[in-house]
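Written below as structure tokens is the structure these notes are about.
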Amino acid sequence: MSYIDGFIVPVPKKKLQAYRRMAQTAGKVWRDHGALEFRECVADDVKVGKRTSFPRSVKLKGGETVVFSYIVYRSRKDRDRILAKVMKDKRLAKMMNPKAMPFDGKRMIYGGFKVLVDA
């Protein structure tokens with residue numbers, strides 16, 4: 001069964017193109033090392049909920065939008081192997097600097113998930 005890394009990121013709308021360029025590079029790196037899919041999705045129909053929501057989860061500020069991202073792997077073992085290679089890849093070195101990121105990394109939410117249903 002596949003394994004997924006998921007991310008929710010607050011991105012300033014004025015930095016969305018810079019984020020896109022960064023994500024395109026990251027996507028190439030992940031795919032080059034064996035990830036099956038790499039997706040970056042910008043909020044389109046995302047409302048602020050009364051108690052919980054994507055915007056609330058990242059403490060969305062004015063002028064920001066939510067980006068939902070996921071990476072698909074064959075398995076958790078594959079993910080761990082690929083991630084180790086990705087973290088050493090020199091193409092990502094510059095963008096790993098928190099000051100160079102086009103978003104607030106402290107408000108990013110991420111985690112690894114086992115697939116429950118694959119229909």
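Miscellaneous remarks
- Any hit, region 66-79, residues being in contact with a helix residue (DSSP H, G or I) (Cβ under 6 Å, 6 or more places away or on another chain), aliphatic (A, V, I, L, M) and over 17 Å from T25 (Cβ atoms): yes
- The set of residues from region 29-80 being small (G, A, S) and over 17 Å from Y19 (Cβ atoms) comprises G34, A35, G49, S53, S57, G62, S75.
- Among the residues of region 1-19, the ones that are assigned to a helix (DSSP H, G or I), surrounded by 15 or more Cβ atoms within 10 Å (Cβ to Cβ) and either of a type in the set (D, E, K, R) or in contact with an Asp or Glu (Cβ under 7 Å, 6 or more places away or on another chain) (or both) come to 1 in all.
The numbers here are math on the coordinates, done by the rules we state, and not lab data. Keep in mind that this is a model prediction, so the values were computed, not measured. Note that we place each Cβ from the backbone using ideal geometry, even for glycine, and neighbour counts take in every protein chain shown.
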